[in-house]
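Notes for the one structure printed next.
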Amino acid sequence: MNQDRVAALVRELLTEIGEDPQREGLLKTPQRVAAAFDFLTSGYRTDLARLINGAIFTQQTNSMVIVKNIEVYSLCEHHMLPFFGRCHIGYLPTGKVFGVSKLARLVDMYARRLQLQERLTEQISKEIMDSIGASGVGVMIEARHLCMMMRGVEKQNSMMVTSSVLGTFRESSATREEFLALIGTRHE
Ligand SMILES: [Zn+2]
């Protein structure tokens with residue numbers, strides 16, 4: 001990402017919204033915004049193969065693995081405003097498991113892009129399914145969208161819930177129920 005170019009665009013944006021980019025408080029804002037966007041969209045430039053490489057471990061277990069409450073911060077692709085919340089992941093391994101911290105980094109990699117919550121949820125579940133050959137995966141994200149809270153309908157307390165279930169999580173309602181019970185939230 002060319003930060004100088006983005007900073008120039010932000011300077012123009014400041015002018016267009018009625019601000020004076022030369023006023024003292026705003027002098028460094030374009031560079032700060034550019035740096036922030038570089039970070040917030042770094043998922044486009046993350047090497048997935050490298051991230052996943054050191055993340056997978058051999059472990060003979062058939063028990064469901066659950067990782068709850070992974071913090072998610074992303075930007076909605078319609079308004080480029082934040083949505084944020086928590087991601088819960090469950091999967092049934094077939095000999096390979098994901099390191100927990102790497103699972104959180106996988107979530108970050110997909111979240112640090114312009115996203116739809118539905119797509120983010122699916123991308124995470126598919127990647128876990130494919131990279132460790134799990135027999136089933138369930139991902140649920142609960143998030144609040146600033147584009148809904150700050151503008152438009154101004155529904156401050158609405159929470160959007162999305163889920164993606166693959167493999168045995170899709171086929172077996174008992175597995176799905178176990179997942180929902182273990183993450184401690186039931187959404188029909
Ligand atoms: Zn939005």
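Among ARG5, ARG11, which is the only one that is under 30 Å from the mean Cα position of the chain (by Cα), open to solvent by 50 Å² or more (accessible area, probe 1.4 Å) and over 22 Å from PRO82 (Cα atoms)?
Result of the check over ARG5, ARG11: ARG5.
Can we say SER164 is surrounded by 16 or more Cβ atoms within 10 Å (Cβ to Cβ) and of a type in the set (Gly, Ala, Ser)?
Judged against the criteria, SER164 is a match.
Step by step: first the residues of the stretch 33-66, then only those that are of a type in the set (A, V, I, L, M, F, W, C) and touching a Pro at 6+ places or on another chain (Cβ under 9 Å), then the one that is surrounded by the most Cβ atoms within 10 Å (Cβ to Cβ). Which residue is that?
In this case the residue turns out to be VAL65.
Results for (1) touching a Leu at 6+ places or on another chain (Cβ under 7 Å); (2) more than 16 Å from the ligand (Cβ to nearest atom); (3) open to solvent by 70 Å² or more (accessible area, probe 1.4 Å); (4) not hydrophobic (A, V, I, L, M, F, W, C), shown as yes or no for each residue.
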{"site": "LYS68", "(1), (2), (3), (4)": "no, yes, yes, yes"}
{"site": "VAL72", "(1), (2), (3), (4)": "no, no, no, no"}
{"site": "GLY85", "(1), (2), (3), (4)": "no, no, no, yes"}
{"site": "ILE89", "(1), (2), (3), (4)": "yes, yes, no, no"}
{"site": "LEU103", "(1), (2), (3), (4)": "no, yes, no, no"}
{"site": "TYR110", "(1), (2), (3), (4)": "yes, yes, no, yes"}
{"site": "ARG119", "(1), (2), (3), (4)": "no, no, yes, yes"}
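What pairs can you find where one residue is in the stretch 158-183 and touching a residue at least 60 places away in the same chain (Cβ under 8 Å), the other is of a type in the set (D, E, K, R) and part of a helix (DSSP H, G or I), and their Cβ atoms are less than 8 Å apart, with a gap of 6+ or different chains?
Pairs found: PHE169/ARG176.
Are there any pairs with C-beta distances below 6 angstrom linking a residue in the stretch 137-148 that is closer than 14 Å to ILE70 by Cα to a residue that is within 11 Å of the ligand (Cβ to nearest atom) and open to solvent by 10 Å² or more (accessible area, probe 1.4 Å), with the two at least 6 apart or on different chains, and if so which?
Pairs that qualify, where the first residue is closer than 14 Å to ILE70 by Cα and the partner is within 11 Å of the ligand (Cβ to nearest atom) and open to solvent by 10 Å² or more (accessible area, probe 1.4 Å), are ALA143/MET160.
Restricting to the stretch 122-157, and then to whatever is of a type in the set (Val, Ile, Thr) and within 16 Å of the ligand (Cβ to nearest atom), can you tell me which residue is surrounded by the most Cβ atoms within 10 Å (Cβ to Cβ)?
Restricting to residues being of a type in the set (Val, Ile, Thr) and within 16 Å of the ligand (Cβ to nearest atom), the top hit is ILE141.
The values are calculated or read from the model by the stated rules, or taken from the named source; none is laboratory data. Nothing here was measured: the structure is a model prediction, and the numbers come from that model. Counting neighbours? That spans all protein chains shown, and the Cβs are built from the backbone with ideal geometry, glycine included. Surface areas here come from the heavy atoms of the whole protein model, side chains and all, with no ligands, DNA or RNA. Shrake-Rupley method; radii C 1.70, N 1.55, O 1.52, S 1.80 Å.
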